Amino acid sequence: MPDQAKPSRVTISEHSRVLDLFFKVDDYVVSHERFDGEMSKPRSTLVFERGDAVGALLCNPERRKIVAVRQFRLPVHLREPGRGWMVEAVAGMLHVGEGGEIETPYECVLRETREETGYQLTRLTPVGKYYSSPGGSTEIIHLYYAEVCEVDQTGKGGGNADEGEDIEIVEFDIEEFFDRLVAGEFQDPKLIIAGQWLMARRGNLAGAAGPARLCDSARP
């Protein structure tokens, strides 16, 4: 049976901004090609615009530690009262300058890591990028892995005080981190995805030398 042509046609007949604050919400009236080749009926779709973001999983091979952060998240508290303090990968949104220029994901992850943990990154390995919620938002998360050493921690971290951030640095033994990951204890998708990426690389290492060699072997 010959392959059917993939849908590609999209028609946006109306567009309006319904929320224009720090975050934006746009209303589109859109019709798209269906898998049967026909066009769908036009319908209103809200799209949440918040810009792109980065995340980074940090590993300290000298101390055999995974470095993460914990901070208060109101949406989590609203869903699970009393459990608003989330363990997460280092993360943050790409900043927009006064002239409208947007920093690169690379620049952003260096800045956010320095602000949140005090570590100055020197080498980064891209893990991948993904849409945070493709049904409702254009946001793309750029995810990285990085190794850090004691000499790289040139600041105390804790977040950007001017933005009201209050961030705690959290460390896990490497095997403990993997055990918690497999047990489903983490709820931050950045931490989960990057953790699974690192765990898969460990499984492919010849000889599986153990935690002391894990980060060293994963170095690009």
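The values are calculated or read from the model by the stated rules, or taken from the named source; none is laboratory data. The structure presented is a predicted model; accordingly, all values stated were derived computationally and were not measured. Quick reminder, even Gly has a Cβ in these numbers, built from the backbone with ideal geometry, and neighbours come from all protein chains shown.
I'm trying to understand the selection: among the residues of the stretch 129-147, which are within 17 Å of R111 (Cα to Cα) and touching a Ser or Thr at 6+ places or on another chain (Cβ under 8 Å)? Spell out how you get there, then give the answer.
Step one: list which residues in the stretch 129-147 are within 17 Å of R111 (Cα to Cα), which gives 141-147.
Selection gives I141, Y144, Y145, A146.
Restricting to the stretch 58-67, name every residue that is closer than 16 Å to R114 by Cβ and surrounded by 24 or more Cβ atoms within 10 Å (Cβ to Cβ). Step through it out loud before you land on a result.
Let us first name the residues in the stretch 58-67 that are closer than 16 Å to R114 by Cβ, namely 58, 60, 67.
Scanning the stretch 58-67 gives L58, V67.
Table: residues versus (1) surrounded by 14 or more Cβ atoms within 10 Å (Cβ to Cβ); (2) at pLDDT 95 or above; (3) in contact with a strand residue (DSSP E or B) (Cβ under 6 Å, 6 or more places away or on another chain).
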site: H15; (1), (2), (3): no, yes, yes
site: F22; (1), (2), (3): no, no, no
site: R43; (1), (2), (3): no, yes, no
site: L74; (1), (2), (3): no, yes, no
site: L78; (1), (2), (3): no, yes, no
site: A89; (1), (2), (3): yes, yes, yes
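Quick one: in the stretch 78-96, which of the residues that are assigned to a loop (DSSP other than H, G, I, E, B) and within 21 Å of the chain's Cα centre (by Cα) is nearest to L191 (Cα to Cα)? Working first, answer last.
Within the stretch 78-96, the subset assigned to a loop (DSSP other than H, G, I, E, B) is 80-84, 89, 94-95.
Now drop any that are not within 21 Å of the chain's Cα centre (by Cα), which leaves 83-84, 89, 94-95.
Numbers: R83: 17, G84: 16, A89: 5, L94: 18, H95: 22 Å.
The residue in question is A89.
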